[in-house]
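Step one of this worksheet: look at the structure below.
The values are calculated or read from the model by the stated rules, or taken from the named source; none is laboratory data. On a predicted model such as this, the values are computed, not experimentally measured, just so you know. Cβ sites come from the backbone with ideal geometry, for glycine too, and all protein chains shown count toward neighbours.
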Amino acid sequence: MHPTIQRMTDVIASGDNAKIIEFLAEDVQFLPPTYWKTWTGREPCAAILGHVGQIFSDFRYRRFMGDGNDWALEFQCKIGDLDAVGVDLITLNDEGLVSKFEVVMRPYKSVGVLRDEMMARVTTDPRLLKFQDALS
């Protein structure tokens with residue numbers, strides 16, 4: 001497994017954006033499962049992933065598929081009392097940092113709860129207010 005993918009799996013569920021930012025490229029793109037807009041840049045993406053790590057419980061990666069710069073990491077978690085499964089689609093740049101991080105999830109009800117939780121956090125987090133155009 002690529003060292004960045006290994007590092008990511010060790011810290012992604014921690015909610016610690018200071019550790020998460022270490023494996024993100026400066027121009028990383030994050031495509032959330034809750035709406036169509038894309039977040040761009042290390043700072044907002046690390047903050048978003050930090051919030052997600054605080055919302056998810058019992059998070060674990062259960063399958064890894066990939067090689068080189070392209071990876072698909074299947075996960076399961078709880079959002080409140082709801083179960084969810086998903087896949088993190090990861091692209092690494094030539095420096096081995098995450099340049100694209102796209103998340104697909106199901107079921108719809110769990111994703112809806114995640115969206116509500118994230119919107120409450122994103123719209124009040126001072127680190128993210130300057131990036132609110134991504135929410136439009």
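Miscellaneous remarks
- Check on Phe101, without any contact (Cβ under 8 Å) to a residue 24 or more places away in the chain, in contact with an Asp or Glu (Cβ under 8 Å, 6 or more places away or on another chain), of a type outside the set (Lys, Arg) and crowded, with 18+ Cβ neighbours inside 10 Å: no
- Among the conditions (1) over 15 Å from the mean Cα position of the chain (by Cα); (2) on the phi < 0 side of the Ramachandran plot, Val52 misses just one, which is (1).
- For segment 86-101, the count of residues that are among the acidic types (Asp, Glu) and at pLDDT below 95 is zero.
- One residue alone among Asp125, Asp58 is without any contact (Cβ under 8 Å) to a residue 60 or more places away in the chain and of a type outside the set (Val, Ile, Thr), and that residue is Asp58.
- Test: Ile79 is on the phi < 0 side of the Ramachandran plot, free of Cβ contacts under 8 Å to residues at least 40 places away in the same chain, crowded, with 19+ Cβ neighbours inside 10 Å and β-branched (Val, Ile, Thr): yes
- Selection from segment 1-58 of residues that are polar (S, T, N, Q), buried (at least 20 other Cβ atoms within 10 Å of the Cβ) and farther than 23 Å from Asp70 by Cβ: Asn17
- Helices (runs of 4 or more DSSP H) within segment 1-98 that include 2 or more residues hydrophobic (A, V, I, L, M, F, W, C) and in contact with a strand residue (DSSP E or B) (Cβ under 9 Å, 6 or more places away or on another chain): 3-11, 42-55
- If the condition is being of a type outside the set (Val, Ile, Thr) and under 14 Å from Met8 (Cβ atoms), then segment 78-92 contributes Asp88, Leu89, Leu92.
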